[in-house]
Structures are given as structure tokens and as C-alpha cells.
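The values are calculated or read from the model by the stated rules, or taken from the named source; none is laboratory data. Note that the structure is predicted; figures quoted are calculated from it, not measured. Here Cβ is always computed from backbone atoms with ideal geometry, including for glycine, and neighbour counts include all displayed protein chains.
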């Protein structure tokens with residue numbers, strides 16, 4: 001059964017349940033009256049970072065209607081498409097072939113095809129492959145359309161309780177000690193919330209680095225976001241070292257650090 005038809009069935013079941021009728025009407029309307037894709041367009045399609053229910057209706061439609069899906073990992077995307085009961089042509093587009101694949105994608109778009117770009121989870125181009133492809137497509141004066149959707153950065157920031165009106169995102173830190181240290185030192189004077197990604201294999205190392213450079217800052221570790229065992233840990237770097245020292249933590253982390261204090265010398269209004 002096609003995904004659009006499945007959405008209609010969901011809408012019908014909701015109408016017969018206690019859920020509000022307008023909700024099912026909206027879903028059915030989107031499923032039946034969806035727009036067709038624009039030829040020669042690259043679509044950036046976010047995919048779930050853990051919970052498959054976070055796949056949007058629009059993203060499903062684009063994956064259904066596009067000519068080809070460019071995926072960071074074709075096997076992983078293949079499983080997602082199977083879950084959605086979609087069958088599409090897949091081509092790989094990952095860190096080490098992105099430059100070469102960009103030329104192919106531009107050629108496909110120039111021929112009038114529609115291409116959906118996806119990563120293993122989250123939004124393409126946000127600490128994931130996609131930036132080079134978008135630059136190449138823009139340079140060829142072709143159309144790019146980004147769909148809103150799952151992003152670990154925004155989920156973690158929203159649930160952290162740290163200020164969100166101003167923040168700085170750094171992605172993954174360099175692996176080499178000197179470059180990591182320099183990047184962290186560059187972050188130190190910034191006043192907004194500082195956000196970065198880290199793997200479970202380097203999170204202990206990062207906490208010790210933060211204890212040296214940001215000893216008194218509030219730090220939030222977010223892991224397994226949108227999954228059953230989602231967890232947020234908070235405290236100073238030293239407190240987090242103590243909290244995590246005897247645990248084997250899995251999954252990539254979003255690390256949020258409170259920004260530098262904006263408090264300056266007190267001015268007497270009188």
C-alpha cells in the first residue's frame with residue numbers, strides 16, 4: 001500500500017475515534033491534494049533522529065514523488081523506505097564521495113529530474129553531508145528546497161533550559177588535541193549558548209577538557225533524543241565527570257554549554 005493511501009486510512013480511523021475530526025480532515029486533504037514536485041529541484045529531506053514517527057507528511061510525499069534519493073547510507077535509507085513502503089532508486093552521497101556525486105546530481109537536475117537528499121538522521125548539511133551538493137547546485141543556478149524536520153541541535157536546545165535567543169553551533173570538534181583546544185578556547189568569550197556534537201567514544205575526554213576551560217559553566221549532555229531512553233544530564237563539567245564515570249554511555253551526544261556572562265561593571269543610575 002502506498003504511503004499516501006496509508007495516510008488516508010489513518011485519517012479515516014481517526015474520524016471514527018475520539019480524536020478531533022478536523023485533524024483527520026487535514027491529513028486526508030494533504031494526502032489527496034498534495035502538490036507535485038518541481039522538475040530540476042534538489043530537495044533536502046530531514047529524516048528521524050530516533051523516532052520514526054517524526055517523519056513528516058511532506059517528507060514522505062517528496063520521497064514518494066522524487067526520481068532518485070541520494071543517501072548518506074543507502075542501506076539505512078533503504079530500511080526507512082521499506083518502513084514507509086516506498087521503493088526508490090538510491091545513490092550514495094557521503095563524506096568521501098560528495099564532491100564527485102555533486103556533479104552527477106547537478107547533471108540529473110539539469111536533465112529535469114528531482115533529487116531528494118537524505119542523511120542517516122536529521123537535516124542534510126547540518127554536521128552531515130549535503131553542504132557541497134547544495135553549493136554545486138546553487139553554483140549551477142538550479143533550485144534547492146529545504147524541508148523542515150528533525151534536527152538534534154534544535155531538539156536538544158529546546159529541552160535543555162539554556163537560553164535559546166542566541167546560540168553558537170560548532171558541530172563536531174577536531175580530533176587532534178591542539179586543534180580541539182584551540183576551538184574550545186575560541187568558544188570561551190562567546191555569550192550565547194554553545195552547542196556541539198560528540199561521539200560516545202570521546203565524551204569523557206571532552207568533559208575533562210571542559211573542566212579545564214569552562215570549570216564553572218553549566219553543561220547539558222543530551223543523548224538518545226526522541227528515543228525511549230532519552231536522557232539529559234546537567235551540571236558543571238566536574239559534576240558530569242562524576243555522574244558519568246561509572247556508566248557506559250551509548251549514542252551520539254549533543255553538548256550544550258552556558259555562554260559567557262554578559263554582566264559588566266555596575267553603573268550607578270544616580
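Brief remarks on what is shown
- Here the condition is being surrounded by 12 or more Cβ atoms within 10 Å (Cβ to Cβ), under 16 Å from the mean Cα position of the chain (by Cα), under 26 Å from residue 62 (Cβ atoms) and at pLDDT 95 or above; of 158, 146, it holds for 146 alone.
- Selected residue (criterion: farthest from residue 135 (Cα to Cα)) from residues of the range 78-97 that are in contact with a helix residue (DSSP H, G or I) (Cβ under 9 Å, 6 or more places away or on another chain) and in a helix (DSSP H, G or I): 83
- Test: residue 38 is touching a helix residue (DSSP H, G or I) at 6+ places or on another chain (Cβ under 7 Å) and in contact (Cβ under 8 Å) with a residue 12 or more places away in the chain: no
Each row is one residue, and each column tells you yes or no for (1) touching a strand residue (DSSP E or B) at 6+ places or on another chain (Cβ under 8 Å); (2) in contact (Cβ under 8 Å) with a residue 60 or more places away in the chain; (3) outside the structural domain of residue 42 (by TED's automatic domain parsing).
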residue	(1), (2), (3)
83	no, no, no
109	yes, yes, no
128	yes, no, no
141	no, no, no
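- No other residue among 231, 186, 212, 252 is in contact with a strand residue (DSSP E or B) (Cβ under 7 Å, 6 or more places away or on another chain) and loosely packed, with under 15 Cβ neighbours inside 10 Å apart from 231.
- Of the candidates 135, 100, the single residue that is under 21 Å from the mean Cα position of the chain (by Cα), in a helix (DSSP H, G or I), surrounded by fewer than 17 Cβ atoms within 10 Å (Cβ to Cβ) and assigned by TED's automatic domain parsing to the domain that holds residue 73 is 135.
- Qualifying residue in the range 124-132 (condition: over 18 Å from residue 93 (Cα atoms) and under 11 Å from the mean Cα position of the chain (by Cα)): no
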